[in-house]
Protein chains: 4
Amino acid sequence: MSELKGREKTSSGFYVTKEAPIVTDNPVPTPSVPAPDILRCAYMELVVTDLAKSREFYVDVLGLTVTEEDENTIYLRSLEEFIHHNLVLRKGDVAAVAAFSYRVRSPEELDKAVAFYTELGCRVERRTEGFTKGIGDSVRVEDPLGFPYEFFYDVEHVERLAWRYDLYTPGALVRLDHFNQITPDVPRAVKFMQDLGFRVTEDIQDEEGTVYAAWMRRKPTVHDTAMTGGDGPRMHHVAFSTHEKHNILAICDKLGALRMSDRIERGPGRHGVSNAFYLYILDPDGHRVEIYTQDYYTGDPDNPVVTWDVHDNQRRDWWGNPVVPSWYTNGSLVLDLDGNPREVVAGTDASEMAVTIGADGFSYTRDEEGDKGFKLGNTL
Amino acid sequence: MSELKGREKTSSGFYVTKEAPIVTDNPVPTPSVPAPDILRCAYMELVVTDLAKSREFYVDVLGLTVTEEDENTIYLRSLEEFIHHNLVLRKGDVAAVAAFSYRVRSPEELDKAVAFYTELGCRVERRTEGFTKGIGDSVRVEDPLGFPYEFFYDVEHVERLAWRYDLYTPGALVRLDHFNQITPDVPRAVKFMQDLGFRVTEDIQDEEGTVYAAWMRRKPTVHDTAMTGGDGPRMHHVAFSTHEKHNILAICDKLGALRMSDRIERGPGRHGVSNAFYLYILDPDGHRVEIYTQDYYTGDPDNPVVTWDVHDNQRRDWWGNPVVPSWYTNGSLVLDLDGNPREVVAGTDASEMAVTIGADGFSYTRDEEGDKGFKLGNTL
Amino acid sequence: MSELKGREKTSSGFYVTKEAPIVTDNPVPTPSVPAPDILRCAYMELVVTDLAKSREFYVDVLGLTVTEEDENTIYLRSLEEFIHHNLVLRKGDVAAVAAFSYRVRSPEELDKAVAFYTELGCRVERRTEGFTKGIGDSVRVEDPLGFPYEFFYDVEHVERLAWRYDLYTPGALVRLDHFNQITPDVPRAVKFMQDLGFRVTEDIQDEEGTVYAAWMRRKPTVHDTAMTGGDGPRMHHVAFSTHEKHNILAICDKLGALRMSDRIERGPGRHGVSNAFYLYILDPDGHRVEIYTQDYYTGDPDNPVVTWDVHDNQRRDWWGNPVVPSWYTNGSLVLDLDGNPREVVAGTDASEMAVTIGADGFSYTRDEEGDKGFKLGNTL
Amino acid sequence: MSELKGREKTSSGFYVTKEAPIVTDNPVPTPSVPAPDILRCAYMELVVTDLAKSREFYVDVLGLTVTEEDENTIYLRSLEEFIHHNLVLRKGDVAAVAAFSYRVRSPEELDKAVAFYTELGCRVERRTEGFTKGIGDSVRVEDPLGFPYEFFYDVEHVERLAWRYDLYTPGALVRLDHFNQITPDVPRAVKFMQDLGFRVTEDIQDEEGTVYAAWMRRKPTVHDTAMTGGDGPRMHHVAFSTHEKHNILAICDKLGALRMSDRIERGPGRHGVSNAFYLYILDPDGHRVEIYTQDYYTGDPDNPVVTWDVHDNQRRDWWGNPVVPSWYTNGSLVLDLDGNPREVVAGTDASEMAVTIGADGFSYTRDEEGDKGFKLGNTL
């Protein structure tokens, strides 16, 4: 619970504080041992049901680089990456996420990860030879929020293709930027992530203090992962960066030319949260991929935390364009360490969709006296 | 009436013919005298109800250059223009369009305009001193479709500011590109415009030959004006060009920063028709302005005419994003030569909105066997 | 001879007049018959000495589309083109230009072309079946300036690939924009081209009235061809358009990645003349290709003519970056109708390079009292 | 001393290693106490001789935001910054740099800075109230290389204007990116900076192991500062970031429109080193400012170190465009803590300019057998 009142409201319409005032009445205990020192989100392992179709989507359409592949698995990376992969596509029966994988600062951090999650009573599995090709000693856990998290340091270096402009497409993806997770209790999830060493950069709240979503980072961008309120644990999306906005438009243009425009779920647009330019598309299994560019530096410890009012119609799209309902409701299953889908628990808090879209929802363009640019939630 | 069948379908999903096969069973008679030789759409005269608010919108937000102004009128131009104005804002009681003005090739063409419209029985008014500042000898008519059209050659030259990059904003408007008119009977309107010397570049039809909209040009771009089916005569929009797509995104970003995002009606996006990048915004009176960039050269007499199937969901937005209903239904009144609003006549043909949005409408992403990317019209 | 004095100087530093005041004391006679009505520059036929290498350059590096090819000839087009080709590469012993080809408004214009050049005593050859594949009835001439010009109307339509974004590269070329010719006597050449129906849009002069170069158009862009002073007849360059400036930067980046950066001769930069963004690169035979984007509309008959002072250091590059000497001195041979290279005649007027580069040259950044941003010509 | 031989050469033409193999035979001693934990380069204090002229350059032309100003000093920030300033302009008699200022992770790091430099025998001055407005407790030192370095944590937060697109210009500067310092002995400087906690990301060497320049980072970009070989201590440049490449082109266009193109010293272009897009301009005192965008993430501890051969003509400009001699030779004086200019010591190693430009220099485009795209250094 928290309050927007009493905070400093900026000329851009959101609120800033020095520390994210998110509190939970249902916390995961804080371990007595230190958290592993996480560098950044590094790769996602996706289970896909038709490997050829997924390869077409990620390689032929989106242009990711194949580091290595076999009949069951494809290892992909972005153009500026020097580690073995940023995305693993693995053939399976049920479309799902097998791992949210983070790189840590040194091999020793893996011991810390084991201790940290063991103290929390989580299932922990360590494999010296790694869970995927190209990566060595790794720890996978079922975290307290139900997500399959991985940590590793040891990784095969491959060529950073940043200068290989002969390989660039008009919509070239240059970096893995972040993950986004769906969880029923956002404040609980945020508190746990803070214990894991993450720092909140932005969030969405209402006057009653309900927290609808929060963005958290290790590397100094707006996020390495975000927690979105809803039925979970599920994966909301995985995001890759382009250099410029026209690269994202080029992906839309290409999807149109391929008569795949129905894979565009939302956007392109400018986020309020993060100030980045974005697009959401759906892979053949419905896994959501964000294409993202140009958020801001957040690396100072006192980086101002931005809080958006859930009724501010520019929070999710700075241009006020509507969020489609599927974007709020759909997500990918996540797997436990045995490869079985985790049960999904219904969200308990008010839903952002319900308070902003439909008969009970509303948003404003201007939070001022007089004409607020009021929008009935069902006016799209 | 016409048919999509039997035409050449391109790999992009539309049809091409050498001549626009649009026919009307209710034609305006073709005059026996030649039409005036029109160069291009040159300016629109808009009546606005609050001149200060309109000035803020067109000058402070959109960055048009004030050539001249007085207490009742503001004369605006784009950065690459060398004639006195591309837009006139005139204070009045009822928001409306007072003139769609075209430049002709020489002073002598005005005599032809007089003869052309006189033979059609239209009201014609000629003023040697012009109807607006900066422009000399001019002819205004109430055309057979009910629109106030103007023709002129004589005009004051002003400085072309194309090189004055110190005056550019991030969303700089560099040219007037086109008008768009709403008329109840598109084939009738197209036939008349062809008599006036326009050439169709693209249109939207269905299997039964209903023509929902058509684009027509004098200068070698996709259009100087378009005819959109609906209750008319009304003005659908006036369009200005930017150099690049990011300029259009910058306008959206600025509207967000000014908390005016509710002035964004549709877009930004990529048109199917014209292949241009677009944005539709609404001025303080609800006059619709398009920001537009990067259509293609159409100046050859055998330029292929592009026909889109009305059910092709990429025709209006190449990325398949939905067209909001207001974009189909709203428009600005037009004035007669006495300054009174013209009566609006209801459209008689099937409405594009009805056949593509709502319970009776549908669209497809792929016009192929199997999964067509079917979209119920009410699924936004 | 002409004078800068007495003209209107704009705030951008150049001069404008309503008509290009270029006069020649050595005119080609004006024919008594009308000139053919030219639509636009349509294609160039280039003789190349290593067809495979040239194919690699134009297709693999620049991304032009192959319409058709055989062992001796490759027919290429840009993405927005609907006629058979914009560039023909023909294998031959001597690198040269075989034709500057223009499309005319109708088949009948070919008769006019024959009469026009015949009256001038030029060699004229007409082939009903065309000189290249894809094109029908054509007229080729050795024009009074020594250039091989072609005129045609009849042409095979091919698919306009403008919407095929799946085929676009980051540096996609979308249109043929213009030719540029080197001739020893620019005023004589301009006068002849005006008789052929071209209109001057911009030129470079000095206080004594020497004309160093002039730009002339049929379609309403800054030019379909330009006349550059120097030893001629030779071809200076052929230019293709991109949509945006980043597309041109992408070509540079790709040339770097391919370790072909030594093919970049000049740029990228912003032209003063034309206000376009540009890059000059050299094909394997040294034929110069310009990549060009974003000049302005010139279609009004009273379009203001822009005259640049030859000593204005921003005339050729708005950012003041130096023009490399090779750009002034090098050019491609042109062929007569028998396929033999035309003899090159030395320029007689002062050379733009001599007056702006080297010990005798100078330029200014600001033509004002005080600090002019003086540049010794040899200061690069 | 080091060797290119034996390293892994990438397909892009440079070499990679896991650790920068730069060694010095003249090291600054490594302190026994820990270095302060530096977050990032934060601001530069520049002494300028005409405050009004400098304000015009940095505020009116470049669009930096004035946080605060008085008759002697102007405090400027970029659009994404939340600390008080990124640049201080202070009026003085001699143009120079008064401080390279870095932010540290916490207030306690200042004690470490004092101890670190004190052990090195450097002059150290600490002011609780700060050396500039908006900043509290600060330490300034005369470092072992002769540069005035500052460290601070305490700083006034101001509004981050990232979302205020109404304030953006076409060339908007969004972040301070890095400094660049000139020093006579690059290996010695690098070794010292490594002791201070910096990590090398790229460098330029030759076969004999001469190190011509090195780039070093704290935040995970290519650099917070670089060491360039030459007469020093001097400041080579200070760099601000834009979002996209077109923003940098817009600055060039604007300088042209203002007839200030002679302030453009070098570029725009694509760097080989850093892969960033760049422009170098000169302020009214000749202080060099770089405008920079789109380098890559370097935050992993094993980030591959890139070494460029000094004879690779694409190292400084990926497009092979020449580096002007002034860029190698000119720099700004730096001040000691009394405000007096530091004496400049001549560089001892081979000069990069000498080995690449002029009669004794050469470069290659392709380091392969056969045609290397050889460039005589004096061929510009």
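Since every read-out is calculated from the coordinates, none of them should be taken as a lab result. Every value quoted in this text rests on a predicted model; they were computed, and no experiment measured them. Cβ coordinates were reconstructed from backbone atoms using ideal geometry, including for glycine residues, and neighbour counts include every protein chain displayed.
Where both residues lie in segment B:38-152, what percent of DSSP beta bridges are antiparallel, nearest 5?
75
Copy-to-copy spacing for C:Asp302, label 7 Å out on the Cα-to-C-beta vector, in nm, shortest first?
3.7, 6.4, 7.3
Based on Cβ point charges of +1 for Lys and Arg and -1 for Asp and Glu, what charge dipole magnitude is obtained for chain A about its Cα centre, in debye rounded to the nearest 20?
Result for chain A is approximately 600 debye, rounded to the nearest 20.
Quote the charge dipole size of segment B:124-191 about the Cα centre in Debye, to the nearest 20; the model charges only the Cβ of Lys and Arg (+1) and of Asp and Glu (-1).
So the dipole magnitude of segment B:124-191 works out to roughly 160 debye.
Chain D: which residue's Cβ hugs the D-to-A rotation axis most tightly, distance rounded to whole Å?
D:Glu244, 2
Count the lysine pairs in chain C that are 8 or more places apart or on different chains: how many have C-alpha atoms under 27 angstrom apart?
Lysine pairs meeting the criterion: 24.
What's the magnitude of the charge dipole for segment C:38-152 around its Cα centre, counting Lys and Arg as +1 and Asp and Glu as -1 at the beta-carbon? Answer in Debye, nearest 20.
Using only the charged Cβ atoms, the result is roughly 160 debye.
Mind listing the Cα extents of chain C along all three principal axes, in Å, largest one first?
So the extents along the principal axes, rounded to whole Å, are 62, 55, 37.
Per the helix-only calculation at 222 nm, which mean residue ellipticity applies to the protein assembly as shown, given -39500 (n - 2.57) for every DSSP H run of n ≥ 4 and division by its residues, nearest 500 deg cm²/dmol? All intermediate terms of the calculation are to be shown ahead of the outcome.
Numbers: 24 runs with 196 residues, N = 1520.
After summing the helix terms and dividing by residue count, I get -3500 deg cm²/dmol.
Excluding A:Gly230 itself, calculate the net charge of residues whose Cβ lies under 11 Å from the Cβ of A:Gly230, where each Lys or Arg counts +1 and each Asp or Glu counts -1.
Computed value for this residue: -3.
Copy-to-copy spacing for C:Asp60, label 7 Å out on the Cα-to-C-beta vector, in nm, shortest first?
Counterpart label points of C:Asp60 in the remaining copies fall at 2.3, 5.3, 5.8 nm.
Once you place label points 7 Å from the Cα toward the Cβ at A:Thr73 and D:Thr49, how far apart are they in nm?
The modelled label-to-label distance comes out at 6.6 nm.
Sorted from shortest, what are the nm distances separating the label point of C:Val33 from equivalent points in the other copies, each placed 7 Å from Cα along Cα to C-beta?
3.5, 9.6, 9.7
For segment A:45-137, build the charge dipole from Cβ charges (+1 Lys, Arg; -1 Asp, Glu) around the Cα centre, then report which of A:Val66, A:Phe100, A:Gly130 sits farthest towards its positive end.
Of the options given, the answer is A:Phe100.
If you line up the Cα atoms of segment B:1-68 on their principal axes, what length do they span on each, largest first, in Å?
Result for segment B:1-68: principal-axis Cα extents of 54, 41, 23 Å.
Out of all DSSP beta bridges in chain D, what portion is antiparallel? Express it as a percent rounded to 5. Don't skip to the answer; put the middle values down first.
Values: 65 of 88 bridges.
If I count the DSSP bridges inside chain D, around 75 percent turn out antiparallel.
Taking N as the number of residues in segment C:38-152, what value does Rg over Cα atoms divided by 2.2 N^0.38 Å take? Don't jump to the answer; show the numbers that get you there.
Numbers: Rg = 14.5 Å, N = 115, 2.2 N^0.38 = 13.4 Å.
Working it through for segment C:38-152, the quotient is 1.09.
Pick out, from B:Ser54, B:Tyr153, B:Val211, the residue whose Cα sits farthest towards the positive end of the charge dipole of chain B, with +1 on the Cβ of Lys and Arg and -1 on the Cβ of Asp and Glu.
Looking along the dipole axis, the top candidate is B:Ser54.
Bin width 20 Å, origin at 0, all Cα-Cα pairs of the protein assembly as shown: what percent of pairs per bin?
With a bin width of 20 Å, the distribution comes to 9, 35, 38, 16, 2.
Quick one: A:Phe151, B:Phe131, C:Phe192, fewest Cβ neighbours within 10 Å first, how do they rank?
Values: A:Phe151 26, B:Phe131 19, C:Phe192 22.
The most exposed by this proxy come first: B:Phe131, C:Phe192, A:Phe151.
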